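K.L.:
Take a look at the following structure, please.
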Amino acid sequence: MSQTSSPIIEVKNLVVEYGQGSKRIRAVDGISFEIYPGECVGFVGVNGAGKSTTIKTLMGFIFPTSGSARLFGLAAGAVESRKRIGYLPEVALYYPFMKGRELLELYGGLHGLTPQELRRRIPALFEELGLKGKEEVLLRNYSKGMQQRLGIAQAIIADPELLIFDELSSGLDPVGRFDMRSVLLRLKERGRTIFFSSHELTEVENLCDRVIIIHQGRIVTQAPVHELLKPLNIFELTFSLPNGKEPPQPLANHQLEKTGDLYRVTIRDVEEYAKAVTELISAGARIVTTNSKTQSLEDFFINLIQAKRS
């Protein structure tokens, strides 16, 4: 991942509206973001936040009302850029009387893969995505989870530079999510750029370098996952000090609660926590209890959205 290079996805002041006249609805309200080569970025929001509309605009299925969306430096929907993209829609509808193998042959052929390349890649994808033995099964007999796995396979069959997934883990059971996560991690290791929306925030937390949170058509935050989660780590210390001693300097910036001869302090940074413990031991303090709590990205998201609603 390098932000010294040009962005693969570049969205500037994007506005998308539906309807006419007084019934016109603004689904996306002036959002801007960039995705750089090698990044894996999660696009998160409640239903109706504008995620799918944004992704459809990136793919050229919807035209912006104003603003712009560019991929590989070209306007969204350009044929030359779409050749370099693997895409999984929110709802994938496949011809029910086609076989799984035939679907991948169709999509691979559209990407320009030769019959020899397809014969090599298709069995490997079926095995990699937990569909081994289902190659000759009609799609009408695929479960929703199996269709989602096959949808991921068609998106990656041509090994594109950019992968865009709308509701990545929809319909997948825990085993399916594990298989999908393994595939995407391998793609990340090979430098592929991944942009996806998902309701499974655990997947976003485990896979993504960065997260963009959208609410009511507007971006409310975008940051590296580790930066969002860092202040959510909470450490509590209870300690006592020898008679006449004051708490050491590293604790001066934290609010101390004192009950009898016991002090209690809450620290939100792991490095400050470690420093505080070291200083307390050096000062001869007796550490009575320690406690830590790590909040998840889901906790952060729920708290953020609740604050926006209030």
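The values are calculated or read from the model by the stated rules, or taken from the named source; none is laboratory data. Please read these numbers as outputs of a predicted model, since none were measured by experiment. Here the Cβ positions follow ideal geometry from the backbone for every residue, glycine too, while neighbour counts run over all protein chains shown.
K.L.:
Which one of VAL44, VAL28 is in contact (Cβ under 8 Å) with a residue 12 or more places away in the chain, surrounded by 22 or more Cβ atoms within 10 Å (Cβ to Cβ) and more than 24 Å from ILE152 (Cβ to Cβ)? Give the derivation first.
P.N.:
On the way: VAL44 fails: more than 24 Å from ILE152 (Cβ to Cβ).
When all the criteria are applied, what remains is VAL28.
K.L.:
For the stretch 56-105, which residues satisfy the criterion of being modelled with pLDDT of 95 or more and in a helix (DSSP H, G or I)?
P.N.:
Correct list: LYS56, THR57, LEU58, GLY100, ARG101, GLU102, LEU103, LEU104, GLU105.
Conditions tested, residue by residue: (1) in the same structural domain as GLY217 (by TED's automatic domain parsing); (2) crowded, with 18+ Cβ neighbours inside 10 Å; (3) touching a residue at least 24 places away in the same chain (Cβ under 8 Å); (4) not aromatic (Phe, Trp, Tyr).
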{"site": "SER52", "(1), (2), (3), (4)": "yes, yes, yes, yes"}
{"site": "PRO64", "(1), (2), (3), (4)": "yes, yes, yes, yes"}
{"site": "GLY67", "(1), (2), (3), (4)": "yes, no, yes, yes"}
{"site": "ARG70", "(1), (2), (3), (4)": "yes, yes, yes, yes"}
{"site": "ALA78", "(1), (2), (3), (4)": "yes, no, no, yes"}
{"site": "ILE85", "(1), (2), (3), (4)": "yes, yes, yes, yes"}
{"site": "LEU88", "(1), (2), (3), (4)": "yes, yes, yes, yes"}
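K.L.:
Scanning for something more than 35 Å from the chain's Cα centre (by Cα), touching a residue at least 40 places away in the same chain (Cβ under 8 Å) and surrounded by fewer than 15 Cβ atoms within 10 Å (Cβ to Cβ), does the stretch 300-310 turn up at least one residue?
P.N.:
First pass over the stretch 300-310, keeping only residues more than 35 Å from the chain's Cα centre (by Cα): none.
No: zero hits.
K.L.:
Starting from residues that are part of a loop (DSSP other than H, G, I, E, B) and either without any contact (Cβ under 8 Å) to a residue 24 or more places away in the chain or in contact with a Leu (Cβ under 8 Å, 6 or more places away or on another chain) (or both), keep the ones in the stretch 164-198 and report whichever is surrounded by the fewest Cβ atoms within 10 Å (Cβ to Cβ).
P.N.:
Just the residues of the stretch 164-198 that are part of a loop (DSSP other than H, G, I, E, B), to begin with: 166-173, 190-192, 198.
Subsequent filtering for residues that are either without any contact (Cβ under 8 Å) to a residue 24 or more places away in the chain or in contact with a Leu (Cβ under 8 Å, 6 or more places away or on another chain) (or both) retains 166, 168, 190, 192, 198.
Values: ASP166: 23, LEU168: 29, ARG190: 9, ARG192: 20, SER198: 21.
It comes out as ARG190.
K.L.:
Filter the stretch 245-272 down to the residues that are assigned to a strand (DSSP E or B) and over 27 Å from GLU227 (Cβ atoms) and list them by number.
P.N.:
Applying the first criterion (assigned to a strand (DSSP E or B)) to the stretch 245-272 yields 256-259, 262-267.
Passing the criteria: LEU256, GLU257, LYS258, THR259, LEU262, TYR263, ARG264.
K.L.:
Those residues that are under 30 Å from GLU271 (Cα atoms), basic (Lys, Arg) and in contact with a strand residue (DSSP E or B) (Cβ under 8 Å, 6 or more places away or on another chain), I need them from the stretch 191-234; list them, please.
P.N.:
ARG210 - this is the single residue of the stretch 191-234 that is under 30 Å from GLU271 (Cα atoms), basic (Lys, Arg) and in contact with a strand residue (DSSP E or B) (Cβ under 8 Å, 6 or more places away or on another chain).
K.L.:
Which residue is nearest to PHE63 (Cα to Cα), if the candidates are limited to the stretch 1-37 and must be assigned to a loop (DSSP other than H, G, I, E, B) and touching a strand residue (DSSP E or B) at 6+ places or on another chain (Cβ under 6 Å)? Before you say what the answer is, go through the steps one by one.
P.N.:
The first filter runs over the stretch 1-37 and keeps only residues assigned to a loop (DSSP other than H, G, I, E, B), leaving 1-8, 19-20, 24, 36-37.
So of that shortlist, the ones also touching a strand residue (DSSP E or B) at 6+ places or on another chain (Cβ under 6 Å) come out as 7-8, 19, 24, 37.
Working: PRO7: 21, ILE8: 19, GLY19: 13, ARG24: 15, PRO37: 24 Å.
Per the criteria, the residue is GLY19.
K.L.:
Residue check: is PHE301 of a type in the set (Phe, Trp, Tyr) and assigned to a strand (DSSP E or B)?
P.N.:
On the way: of a type in the set (Phe, Trp, Tyr): yes; assigned to a strand (DSSP E or B): no.
It is false that PHE301 is of a type in the set (Phe, Trp, Tyr) and assigned to a strand (DSSP E or B).
K.L.:
Quick one: which strands (runs of 3 or more DSSP E) lie wholly within the stretch 199-244 and hold at least 1 residues that are within 15 Å of the chain's Cα centre (by Cα)? Before you say what the answer is, go through the steps one by one.
P.N.:
Working: elements: 210-215, 218-224, 233-240.
Qualifying strands (runs of 3 or more DSSP E): 210-215, 218-224.
K.L.:
Can you confirm whether the stretch 203-216 contains a residue that is touching a helix residue (DSSP H, G or I) at 6+ places or on another chain (Cβ under 9 Å) and of a type in the set (Lys, Arg)?
P.N.:
Here is the first cut: in the stretch 203-216, the ones touching a helix residue (DSSP H, G or I) at 6+ places or on another chain (Cβ under 9 Å) are 203-211, 213-216.
Restricting the remaining residues to those that are of a type in the set (Lys, Arg) gives 210.
Within the stretch 203-216, one or more residues are touching a helix residue (DSSP H, G or I) at 6+ places or on another chain (Cβ under 9 Å) and of a type in the set (Lys, Arg).
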